[in-house]
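Everything on this sheet refers to the single structure shown next.
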Amino acid sequence: MKNSLAENMRRFGTKNLTESQTNNYMFWQNLKTIAHAATEMLKMNQDQIDTMIANGHGWAVDHVSSSADDMEEVYHFIEANLSDNKEPGIGDLNRM
């Protein structure tokens with residue numbers, strides 16, 4: 001049975017890490033910042049945002065698109081390496 005990333009984070013006690021507890025403090029802080037920003041933007045008025053983007057702020061679409069690609073790549077890498085159902089050759093930490 002595969003565990004979700006959130007379940008694995010809880011299982012390995014990474015939910016409330018501080019700088020003194022991990023060498024990857026900024027990874028966790030950035031992940032929290034991304035999650036917070038995405039949650040807040042999804043609560044905003046979609047019509048107002050669409051209008052804003054259409055009025056010369058198309059760069060926002062590009063930034064969200066490239067960030068989504070990056071996050072998806074990191075997620076799949078981590079998920080594959082924490083999976084309980086690893087297939088041979090999948091999740092090799094040295095491949096990335």
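Quick rundown of the values:
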{"read-out": "Residue within region 41-53 that is assigned to a loop (DSSP other than H, G, I, E, B) and hydroxyl-bearing (Ser, Thr, Tyr) present", "value": "no"}
{"read-out": "Hey, Glu7 part of a helix (DSSP H, G or I) and modelled with pLDDT of 95 or more or not", "value": "no"}
{"read-out": "Residues satisfying the stated conditions in region 58-77, i.e. in contact (Cβ under 8 Å) with a residue 12 or more places away in the chain and not hydroxyl-bearing (Ser, Thr, Tyr)", "value": "Met71, Phe77"}
{"read-out": "Counted residues, region 10-37 - those being among the charged types (D, E, K, R), more than 18 Å from Ala68 (Cα to Cα) and at pLDDT 60 or above", "value": "0"}
{"read-out": "Criterion violated by Val64 - all others in (1) modelled with pLDDT of 95 or more; (2) surrounded by fewer than 12 Cβ atoms within 10 Å (Cβ to Cβ) satisfied", "value": "(2)"}
{"read-out": "Qualifying residue in region 38-57 (condition: modelled with pLDDT of 95 or more and under 22 Å from Phe77 (Cβ atoms))", "value": "yes"}
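The values are calculated or read from the model by the stated rules, or taken from the named source; none is laboratory data. Here the structure is a predicted model, which is why all the values come from computation and not from measurement. Note: ideal-geometry Cβ built from the backbone for every residue, glycine included; neighbour counts use all protein chains shown.
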